[in-house]
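Participant: Starting off with a structure, shown below.
Derivation of every value follows stated rules applied to the coordinates shown; laboratory data play no part. Quantities reported herein were computed from a predicted structural model and do not represent experimental measurements. Cβ sites come from the backbone with ideal geometry, for glycine too, and all protein chains shown count toward neighbours.
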Amino acid sequence: MLRQHYIRKPEIAISDSERAQADAWIDQHYLFLIHPERRPDLTWTLDMASTAVKRHGARVLVVDPWNRLEAAREKGETETDYIGSCLRSIYNFAQDFNCHVQIIAHPSKMENVRRGHIPDLEDIAGSKHWDNMVDQGFVVHRPQMFDEKGDRVTYAELHYKKTRFDELGYPTKFGLDYDPIMCRFGSVMLQQKKSKPKTALDDQD
């Protein structure tokens, strides 16, 4: 995906020289934290990230996705308390190392009346702390996965849900369109929601 993002071609169309050029750019700008047993936990991740900051000058840590980290809850510790403890550790890491941290997390299953609605930060699986403890919170929402013909819909929306400080911005939303070949989102006009057709039952008390 990073190769396609840099070269702006699908992987199958990238030449050997372009691939080498892209890989050199990736090596210059990215470090990948790979646990030897593919079972990283937060402590290991922050230890490796601190090394990346000190040795390589890294300034952004991306945890993607959160649910791939091995949970390390203490006996009797609730999930809410565990998430709160994790977020405090991440905050301390960011402050101590002057490093921006991004966490990619998924909402829990949206059941019944919540299905199809734009998720809130508190809908992220695990705890309401995802809403009340973060400095910024964004939601990428896909209103429709496929159209009436069964074709993939690439339109999405970026909802800026939470900002703790005014200088970071303010809650708003943007229209996005995903380019699967270039592996990037582009800005587009927000689409208006289609109004639900009225039925005779809607007029009844």
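Participant: Using packing as a proxy for protection, rank 124-130, 139-145 so that the peptide with the highest average count of other Cβ atoms within 10 Å comes first. Before the final figure, lay out each step's value.
Facilitator: Working: 124-130: 18.9, 139-145: 13.1.
Descending mean neighbour count gives 124-130, 139-145.
Participant: To continue, here is another question. Counting Lys +1, Arg +1, Asp -1, Glu -1, what net charge surrounds Ile14 among other residues with beta carbon under 15 Å of its beta carbon?
Facilitator: Charge balance near Ile14 sits at 0.
Participant: Okay, next question. On alpha carbon coordinates alone, what is the Rg over Rh value for segment 1-65, Rh being the Kirkwood radius?
Facilitator: Details: Rg = 14.4 Å, Rh = 13.5 Å.
Result: Rg/Rh = 1.06.
Participant: I've got another one for you. What residue among Gln28, Ser85, Ile7 has its Cα farthest toward the positive end of the dipole of the chain, where the charges are +1 on Lys, Arg and -1 on Asp, Glu, each on the Cβ?
Facilitator: Ile7
Participant: Considering every Cα-Cα pair within segment 31-134, what fraction, in whole percent, is farther apart than 23 Å?
Facilitator: Values: 1717 of 5356 pairs.
Looking at segment 31-134, the distances longer than 23 Å represent 32 percent of pairs.
Participant: If you scale each eigenvalue of the Cα gyration tensor by 5 and take the root, what three semi-axes come out for the chain, rounded to whole angstrom and sorted largest first?
Facilitator: Numbers: eigenvalues 222, 150, 53 Å².
Sorted largest first and rounded, they come to 33, 27, 16 Å.
Participant: Counting only C-alpha contacts under 8 Å and six or more residues apart, can you give the relative contact order of the chain as a whole percent? Intermediate results must be reported in sequence, preceding the final value.
Facilitator: On the way: 250 pairs, mean separation 31.7, N = 205.
Across the chain, relative contact order equals 15 percent.
Participant: Counting only other residues whose beta carbon sits under 12 Å from that of Met189, what net charge do I get with K and R as +1, D and E as -1? Before the final figure, lay out each step's value.
Facilitator: Numbers: positive: Lys173; negative: Glu157, Asp177.
Value of the local net charge: -1.
Participant: What does the charge dipole of the chain about its Cα centre add up to, to the nearest 20 debye, if the Cβ of each Lys and Arg holds +1 and the Cβ of each Asp and Glu holds -1?
Facilitator: Details: 29 positive and 32 negative charges, 61 e Å.
Rounded to the nearest 20 debye, it is 300 debye.
Participant: Okay, moving on. In deg cm²/dmol, rounded to 500, what helix-only [θ] at 222 nm does the chain give when every DSSP H run of at least 4 residues adds -39500 (n - 2.57) and the total is split over its residues? All intermediate terms of the calculation are to be shown ahead of the outcome.
Facilitator: Working: 5 runs with 58 residues, N = 205.
Only helices count here, giving -8500 deg cm²/dmol.
Participant: Also, quick follow-up: How large is log10 of I(q)/I(0) for segment 135-195 at q = 0.14 Å⁻¹ when the intensity is taken from the Debye formula with one equal scatterer per alpha-carbon?
Facilitator: At q = 0.14 Å⁻¹ the computed log10 ratios are -0.48.
Participant: I'd like to compare 2-10, 45-53, 177-185: which one has the highest average count of other Cβ atoms within 10 Å, and what's the full order after that? The partial results should precede the final answer.
Facilitator: Numbers: 2-10: 16.1, 45-53: 18.0, 177-185: 14.1.
Top of the packing list down: 45-53, 2-10, 177-185.
Participant: Give me the one-decimal nm value for the distance between modelled label points at Ile104 and Tyr91, 7 Å along each residue's Cα-to-Cβ direction.
Facilitator: About 2.5 nm separates the two model spin labels.
Participant: While we're on this one: How much net charge surrounds His56 when only other residues with a Cβ under 15 Å from its Cβ are counted (Lys, Arg +1; Asp, Glu -1)? Write down the numbers at each step before the final one.
Facilitator: Working: positive: Lys54, Arg55, Arg59; negative: Asp27, Asp47.
Within the 15 Å Cβ shell, the charges total +1.
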